[in-house]
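The values are calculated or read from the model by the stated rules, or taken from the named source; none is laboratory data. Being a predicted model, the structure only gives us computed values, none of them experimental. Please note: Cβ atoms are built from the backbone with ideal geometry, for glycine as well, and neighbour counts cover all protein chains shown.
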Amino acid sequence: MNAGQNIDFKEVGHCGGKITFIFRKDGNGQLLSSIKWASQRPNPAALAGVYALDNGLAVCPLFFAGLGQPWSPPPFQGCVPVIIGSDSEGHFGHKCSNCDRYWRSNPYPNFCPYCGVALQISSCLSDAQKTYVGHYVKTLNDATESALSGLAPNEQKEVEIDLDSVADAVASPEKPDFYLSEESQQKKFHCYRCGHFNDVLGRYAYCSTCGVRNDSQIASEEIEEIRNSINNGGSLSTALRSGVALFDSFIRQFVEQILHLVPMTPRRRNQLGKQAFHDLKFVRESFQDCLDITLCRDMSATDITYAEKMFHRRHLHEHKGSIVDQKYINDSGDTNVRIGQELRETREDVHRFLSILSRMFNNAHEQFNSIIPPADIDKP
Ligand SMILES: [Zn+2]
Ligand SMILES: [Zn+2]
């Protein structure tokens with residue numbers, strides 16, 4: 001069992017706090033109102049905002065400019081400003097309106113980490129947040145109506161939404177009328193480019209803030225793990241197999257995104273989409289032909305031939321019990337081995353192969369960015 005499974009998909013409670021609507025009638029009977037959020041809890045907490053219609057449907061983001069500064073204006077009159085609290089780790093759950101998948105990140109994402117579509121907080125509220133926005137708008141509307149008719153001049157009234165009870169309910173089977181919590185996913189990362197947090201299903205994704213892929217970031221972490229394993233006496237042929245498996249998963253998700261986002265002819269689509277990614281020569285040629293991506297850019301012919309040979313060696317380890325056969329000699333051009341010999345790797349060879357993989361991943365990543373450029377975003 002994967003040790004990481006225990007920490008995947010855990011419920012993360014709400015940050016808590018209290019939202020207070022304050023109504024006051026001035027001496028002329030004019031109703032004034034304001035909204036206050038306060039929390040006494042020790043856990044992290046952050047706030048986001050949306051403008052919603054009377055029926056509770058969120059229509060656009062609401063930005064808080066800072067203390068004493070006015071909030072961003074509503075898109076049209078009659079929109080209700082809604083404050084949404086984070087989870088108790090300071091993150092927000094989101095659900096893409098395009099692909100329906102869930103993730104956690106900062107309050108105001110710009111992209112879906114899975115399908116890459118551009119979006120705003122109002123178009124990716126989670127199901128629980130939608131229910132909460134409906135409850136919030138109804139509470140505020142009812143309170144406003146009752147203050148309009150019930151308050152005398154110079155009188156004040158407060159109505160509260162108690163999010164502490166929502167936060168406390170995470171540990172209890174009894175839930176309040178409306179309930180809001182988030183769920184941790186599988187891969188948590190701070191984007192190498194913009195620094196923002198993401199927590200996604202699987203491991204490869206776009207950064208939901210700046211839209212850059214995390215693929216080269218994830219791949220270099222995994223290469224580091226493979227290097228550590230062989231430095232600590234791990235099997236060299238297993239490390240070689242892991243390196244090729246990483247190449248396969250990296251290229252597979254890369255191609256999936258290209259096919260999803262880039263229009264291309266059926267011939268190219270077929271060529272790219274129907275291959276296994278264990279044949280480096282074929283992948284290199286397809287990337288060049290279909291995408292104008294040079295996977296081995298700035299690499300010597302010696303390194304490329306060497307990498308191709310290592311892919312063939314992986315095949316022998318994986319499928320032939322590491323025993324050399326004629327096909328291996330024909331495919332790899334390796335003349336230093338004899339049929340029937342058991343292939344043995346050296347640590348230096350595997351490290352060299354991992355360095356070449358790293359360069360290919362960086363090349364693919366950089367050229368992907370030139371096809372699908374990420375957005376310019378301020379660092380947190
Ligand atoms: Zn999506
Ligand atoms: Zn980013």
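Go through Gly211, Gly195, Gly243, Gly273 for me and flag whichever is away from ligand 2 (no atom under 16 Å from the Cβ), touching a residue at least 40 places away in the same chain (Cβ under 8 Å) and under 26 Å from the mean Cα position of the chain (by Cα). Lay out the reasoning, then the answer.
Details: Gly211 fails: away from ligand 2 (no atom under 16 Å from the Cβ); Gly195 fails: away from ligand 2 (no atom under 16 Å from the Cβ); Gly273 fails: touching a residue at least 40 places away in the same chain (Cβ under 8 Å).
Gly243 is the lone residue from the list that is away from ligand 2 (no atom under 16 Å from the Cβ), touching a residue at least 40 places away in the same chain (Cβ under 8 Å) and under 26 Å from the mean Cα position of the chain (by Cα).
For (1) surrounded by fewer than 17 Cβ atoms within 10 Å (Cβ to Cβ); (2) within 16 Å of ligand 1 (Cβ to nearest atom), each residue gets a yes or a no:
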site	(1), (2)
Ala118	yes, yes
Thr139	yes, no
Ser149	yes, no
Gln156	yes, no
Ser181	no, no
Ser184	no, no
Tyr206	no, yes
- Message: So if I check each of Ile223, Ile218, which one is assigned to a helix (DSSP H, G or I) and within 16 Å of ligand 2 (Cβ to nearest atom)?
- Response: Ile218
- Query: Among the residues of the range 278-297, is there at least one that is at positive phi, assigned by TED's automatic domain parsing to the domain that holds Ala364 and at pLDDT below 95?
  - Reply: yes
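Confirm whether Gln275 is in a loop (DSSP other than H, G, I, E, B) and surrounded by 14 or more Cβ atoms within 10 Å (Cβ to Cβ).
Working: in a loop (DSSP other than H, G, I, E, B): yes; surrounded by 14 or more Cβ atoms within 10 Å (Cβ to Cβ): yes.
For Gln275, the condition - in a loop (DSSP other than H, G, I, E, B) and surrounded by 14 or more Cβ atoms within 10 Å (Cβ to Cβ) - is met.
With the condition kept exactly as written, say whether any residue in the range 354-362 is among the aromatic types (Phe, Trp, Tyr), part of a helix (DSSP H, G or I) and more than 19 Å from Ser237 (Cα to Cα). It would help to see each step written out before you state the result.
The first filter runs over the range 354-362 and keeps only residues among the aromatic types (Phe, Trp, Tyr), leaving 361.
From what's left, part of a helix (DSSP H, G or I): 361.
With more than 19 Å from Ser237 (Cα to Cα) added as a condition, the list becomes 361.
Yes: the range 354-362 contains one or more residues that are among the aromatic types (Phe, Trp, Tyr), part of a helix (DSSP H, G or I) and more than 19 Å from Ser237 (Cα to Cα).
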- Message: Filter the range 337-350 down to the residues that are crowded, with 16+ Cβ neighbours inside 10 Å and either free of Cβ contacts under 8 Å to residues at least 12 places away in the same chain or within 37 Å of the chain's Cα centre (by Cα) (or both) and list them by number.
- Response: Glu345, Asp349, Val350
- Query: Just to be sure, is Asp142 within 31 Å of the chain's Cα centre (by Cα) and either more than 16 Å from ligand 2 (Cβ to nearest atom) or touching a residue at least 40 places away in the same chain (Cβ under 8 Å) (or both)?
  - Reply: no
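Name the residue that is surrounded by the most Cβ atoms within 10 Å (Cβ to Cβ), counting only residues in the range 192-204 that are away from ligand 1 (no atom under 16 Å from the Cβ) and closer than 15 Å to His91 by Cα. First the steps, then the outcome.
Of the range 192-204, the ones away from ligand 1 (no atom under 16 Å from the Cβ) are 192-197, 203.
Retained after the next criterion (residues that are closer than 15 Å to His91 by Cα): 195-197.
Details: Gly195: 14, His196: 21, Phe197: 19.
Filtering the range 192-204 for residues that are away from ligand 1 (no atom under 16 Å from the Cβ) and closer than 15 Å to His91 by Cα, the one surrounded by the most Cβ atoms within 10 Å (Cβ to Cβ) comes out as His196.
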- Message: Out of everything in the range 82-107 that is within 16 Å of ligand 2 (Cβ to nearest atom) and part of a loop (DSSP other than H, G, I, E, B), what residue ends up being surrounded by the most Cβ atoms within 10 Å (Cβ to Cβ)?
- Response: His91
- For the range 37-72, which residues satisfy the criterion of being over 24 Å from Ser88 (Cβ atoms) and surrounded by fewer than 11 Cβ atoms within 10 Å (Cβ to Cβ)? Asn55, Ala65, Gly68, Gln69, Pro70
- Got at least one residue in the range 332-339 being hydrophobic (A, V, I, L, M, F, W, C) and touching an Asp or Glu at 6+ places or on another chain (Cβ under 7 Å)? yes
- Task: For the range 234-256, indicate whether the set of residues that are small (Gly, Ala, Ser), closer than 25 Å to Glu348 by Cα, at pLDDT 90 or above and outside any helix (DSSP H, G or I) is non-empty.
- Result: yes
- Determine, yes or no, whether Leu357 is over 32 Å from the mean Cα position of the chain (by Cα) and away from ligand 1 (no atom under 16 Å from the Cβ). no
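A quick yes/no check of all residues on (1) in the same structural domain as Ser86 (by TED's automatic domain parsing); (2) out of contact with any helix residue (DSSP H, G or I) (no Cβ under 6 Å at 6 or more places or on another chain); (3) of a type in the set (A, V, I, L, M, F, W, C):
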position	(1), (2), (3)
Gln120	yes, yes, no
His135	yes, yes, no
Ala152	yes, yes, yes
Gln156	yes, yes, no
Val159	yes, no, yes
Ala167	yes, yes, yes
Phe197	no, yes, yes
